[in-house]
Each structure stands twice: as C-alpha cells, then as structure tokens.
C-alpha cells in the first residue's frame with residue numbers, strides 16, 4: 001500500500017498488526033466516535049451528516065453482532081444489547097432525538113471500558129506487564 005499520508009499508513013499498519021481483542025476495541029472506539037458525531041451534527045441541524053454518522057455507527061454494531069460467538073450464554077445478552085443499541089441509533093436518526101444517541105453511547109462506552117480491562121488483564125497474565133491502552 002503506497003500512500004503519502006503517514007496517518008493513513010499508521011492506521012493501516014495498526015489494524016494489520018492488532019490482535020482480535022484490540023480490533024474489537026477499535027470497533028468500540030469507532031462506534032463511539034460516530035455516535036458522538038451524529039449527536040453533534042444533530043445539535044448543529046446538519047441532518048445529512050447526522051444520518052451518515054449514525055449509519056456508520058450502525059454498520060459497526062452490525063459487524064459486532066455478526067462476529068459475536070453465540071456459543072457462550074453471555075453472548076445472548078450481548079446480542080440483545082447490540083440490538084437495543086442499533087434500534088436506538090435508528091430511532092435517534094429518524095426522530096432526530098439526541099437522548100437516543102446518548103443511550104447508545106452509554107452502552108457502548110460500558111462495553112468498551114470492560115473490553116479494555118479484559119485486554120489489560122490478559123496482557124498482565126501473559127506478559128506480567130500492565131500497559132495502558
């Protein structure tokens with residue numbers, strides 16, 4: 001991949017060298033970014049940008065739902081929460097209601113923070129090191 005943009009090169013390399021756990025964390029962070037963009041766009045009455053950002057967040061939620069290993073009982077609960085987040089994003093987009101974006105953001109923030117802790121605990125067990133993510 002030849003590019004003149006060092007940031008794009010960094011992003012490409014970080015995705016290609018990340019563990020599955022780190023990739024999931026990136027998805028959570030991306031989803032939160034798009035939810036916040038949707039809410040900010042709504043506040044600025046930029047409905048086209050709100051729609052686009054909301055759809056990007058929905059695409060990430062869909063990816064998380066598709067890749068969820070449902071062989072574990074906790075996965076069914078996670079799937080239900082992902083479905084709820086997706087419905088809040090859709091309803092927030094249609095009804096132009098920022099509180100629905102906030103609801104979605106709160107749940108994804110909890111998932112992200114928990115996932116971060118899991119990665120840190122696993123690293124500590126594997127390598128005896130504690131690195132902030």
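The values are calculated or read from the model by the stated rules, or taken from the named source; none is laboratory data. This is a predicted model, so every value here is computed, not measured. Reconstructed Cβ throughout: ideal geometry from the backbone, glycine too, with neighbour counts over all protein chains shown.
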Result of the Cβ filter at 8 Å on the stretch 16-27, keeping first residues that are surrounded by 13 or more Cβ atoms within 10 Å (Cβ to Cβ) and partners that are assigned to a loop (DSSP other than H, G, I, E, B) and at pLDDT below 85, at least 6 apart or interchain, is 22/133; 25/133; 26/18
Going through the stretch 30-50 in order, the residues found to be within 19 Å of residue 109 (Cα to Cα) and surrounded by fewer than 19 Cβ atoms within 10 Å (Cβ to Cβ) are 30, 32, 33, 36, 40
- Any residue at all in the stretch 99-114 that is exposed (fewer than 14 other Cβ atoms within 10 Å of the Cβ) and outside any helix (DSSP H, G or I)? no
Here the qualifying pairs (Cβ atoms under 7 Å; residues six or more apart or on different chains; first in the stretch 61-76 and farther than 22 Å from residue 105 by Cβ; second modelled with pLDDT of 95 or more and part of a helix (DSSP H, G or I)) come out as 70/79
Per the filter on the stretch 97-128, residues out of contact with any helix residue (DSSP H, G or I) (no Cβ under 6 Å at 6 or more places or on another chain) and either modelled with pLDDT under 90 or over 15 Å from residue 24 (Cα atoms) (or both) are 97, 99, 102, 106, 121, 122, 123, 124, 125, 126, 127, 128
